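Worksheet for the structure shown next.
The values are calculated or read from the model by the stated rules, or taken from the named source; none is laboratory data. Not measured: the values here are computed from a predicted model. Cβ placement follows ideal geometry from the backbone for every residue including glycine, while neighbour counts extend to all protein chains displayed. These accessible areas exclude ligands, DNA and RNA; they are computed on the full protein's heavy atoms, side chains included. Shrake-Rupley method; radii C 1.70, N 1.55, O 1.52, S 1.80 Å.
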Amino acid sequence: MMKSMFVKISLVVGGYIAAFGVAWVGEDIYEGLTQAMRSQSSGGMVAEGDSIMFFFLFGAAALVPTGLAFYFSRSSLKFWSFLSKAVVVFALTGPLMEMGNIAMKAFKLLELPMRMPWALLSFFGLVRIFAAPVMAGTFFLAVLIAPDSSSRKRMLIAMGIEAGLCVWVFMEYVFFQRFF
């Protein structure tokens, strides 16, 4: 029993380490392919784009070990009940952060002399919004693996919230050329 648990944990941890390696190599390839464009761009913008690309690649590659962890934990209904409720709460933070960013823009809070707390909140909102596609994929994976119907329904709700947030942000960017 103990050996089996060690093997499962090793597979999941090894999968996350491999996902980190995939993201690292993918980022290096991306950097090599965009070298000409980099010399004409602002260093800070290039660094931000690189970090977004790295975290997206890591998130996509990490779906494999996350799926393994979900599969290995199928027998624990208490875990799935807690996880599915926590996931819905987490998913609701996306639209809340987006509404907060819209409110900050409407009330011009980022133009105030003491704008640092608002700028920090706006930054976390942007990071949270960029995580939505990976979160939607993770929650979809959980829907497929969840052992009971109530957990599956909550995961499906969370996936829908994340997918809706992705669509909202895409529409904002396409029609208004802004992320928030």
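See the values below:
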read-out: Scope the stretch 14-48; condition open to solvent by 80 Å² or more (accessible area, probe 1.4 Å) and of a type in the set (Val, Ile, Thr); matching residues; value: Ile17, Val22, Val25, Ile29
read-out: Which listed residue is under 19 Å from Tyr173 (Cβ atoms) and not polar (S, T, N, Q), from Ala142, Ala106, Ala91; value: Ala106
read-out: Residue in the stretch 39-55 that is touching a residue at least 24 places away in the same chain (Cβ under 8 Å) and not aliphatic (A, V, I, L, M) present; value: yes
read-out: Among the residues listed as Phe79, Phe70, Phe58, Phe54, the single one being at pLDDT 90 or above and surrounded by fewer than 16 Cβ atoms within 10 Å (Cβ to Cβ); value: Phe79
read-out: Subset of the stretch 4-13 [surrounded by 14 or more Cβ atoms within 10 Å (Cβ to Cβ) and under 16 Å from Ala60 (Cα atoms)]; value: Val12
read-out: Tabulated pairs, the stretch 135-148, first under 18 Å from Ala60 (Cβ atoms), second among the aromatic types (Phe, Trp, Tyr) and surrounded by 21 or more Cβ atoms within 10 Å (Cβ to Cβ), C-beta under 7 angstrom, 6+ apart or interchain; value: Leu141/Phe70; Ala142/Phe70; Ile145/Phe70
read-out: Test: residue in the stretch 83-94 that is at pLDDT 95 or above, among the hydrophobic types (A, V, I, L, M, F, W, C) and under 24 Å from Leu11 (Cα atoms); value: yes
read-out: Filter result for Ala106 (over 18 Å from Ile52 (Cα atoms), exposed (fewer than 13 other Cβ atoms within 10 Å of the Cβ) and over 14 Å from the mean Cα position of the chain (by Cα)); value: yes
read-out: Qualifying residue in the stretch 59-74 (condition: free of Cβ contacts under 8 Å to residues at least 40 places away in the same chain, within 24 Å of Ile157 (Cβ to Cβ) and in a helix (DSSP H, G or I)); value: no
read-out: Hits in the stretch 155-180 - residues which are touching a residue at least 24 places away in the same chain (Cβ under 8 Å) and outside any helix (DSSP H, G or I); value: Phe179, Phe180
read-out: Condition check for Arg152: part of a helix (DSSP H, G or I), closer than 22 Å to Thr66 by Cβ, of a type in the set (Lys, Arg) and at pLDDT below 95; value: no
read-out: Top-ranked residue of the stretch 113-161 - restricted to ones that are of a type in the set (Lys, Arg) and touching a helix residue (DSSP H, G or I) at 6+ places or on another chain (Cβ under 6 Å), ranked as least open to solvent (accessible area, probe 1.4 Å); value: Arg128
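For (1) acidic (Asp, Glu); (2) touching a Gly at 6+ places or on another chain (Cβ under 7 Å); (3) under 17 Å from Pro133 (Cβ atoms), each residue gets a yes or a no:
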| position | (1), (2), (3) |
| --- | --- |
| Gly14 | no, no, no |
| Glu27 | yes, no, no |
| Met37 | no, no, no |
| Leu57 | no, yes, yes |
| Val64 | no, yes, yes |
| Phe72 | no, no, no |
| Ile102 | no, no, no |
| Lys108 | no, no, no |
| Glu111 | yes, no, no |
